[in-house]
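The values are calculated or read from the model by the stated rules, or taken from the named source; none is laboratory data. Keep in mind that this is a model prediction, so the values were computed, not measured. Reconstructed Cβ throughout: ideal geometry from the backbone, glycine too, with neighbour counts over all protein chains shown. SASA here: full protein model, heavy atoms, side chains in, ligands and nucleic acids out. Shrake-Rupley method; radii C 1.70, N 1.55, O 1.52, S 1.80 Å.
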Amino acid sequence: INRKIRVDLIDSANELSEVCRKRARTIRMILSKQRDMSGYLKEQYNGFAERLSTLSTGINAIALELEGFSYFHFKEE
């Protein structure tokens, strides 16, 4: 069971990281094609894309950390 939980957590983290990375790439691609967008709006979208990229990196770090665990202990309350 612990191995399955570990694999599921790592897979979920990797998938979420990939979603964030793809969304950031998509936003940047769309922005590169927008010529009539205001500077403020473009700046907001660029900031959002940057935050998504940062989240992706952080989630990858969590996935790598989870790979180091071989056992999870769950407390009963």
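A few points about this structure:
- On inspection, Glu43 fails the criterion of being among the acidic types (Asp, Glu) and touching a residue at least 12 places away in the same chain (Cβ under 8 Å).
- All of (1) touching a residue at least 40 places away in the same chain (Cβ under 8 Å); (2) of a type in the set (Lys, Arg); (3) open to solvent by 80 Å² or more (accessible area, probe 1.4 Å) hold for Lys4 with one exception: (1).
- Positions within segment 30-40 being open to solvent by 100 Å² or more (accessible area, probe 1.4 Å), in a helix (DSSP H, G or I) and either of a type in the set (D, E, K, R) or closer than 24 Å to Ser56 by Cβ (or both), in sequence order: Lys33
- Take the conditions (1) open to solvent by 70 Å² or more (accessible area, probe 1.4 Å); (2) touching a helix residue (DSSP H, G or I) at 6+ places or on another chain (Cβ under 9 Å); (3) modelled with pLDDT under 95; Arg23 misses just one of them, which is (3).
- One residue alone among Tyr71, Tyr45 is in a helix (DSSP H, G or I) and open to solvent by 70 Å² or more (accessible area, probe 1.4 Å), and that residue is Tyr45.
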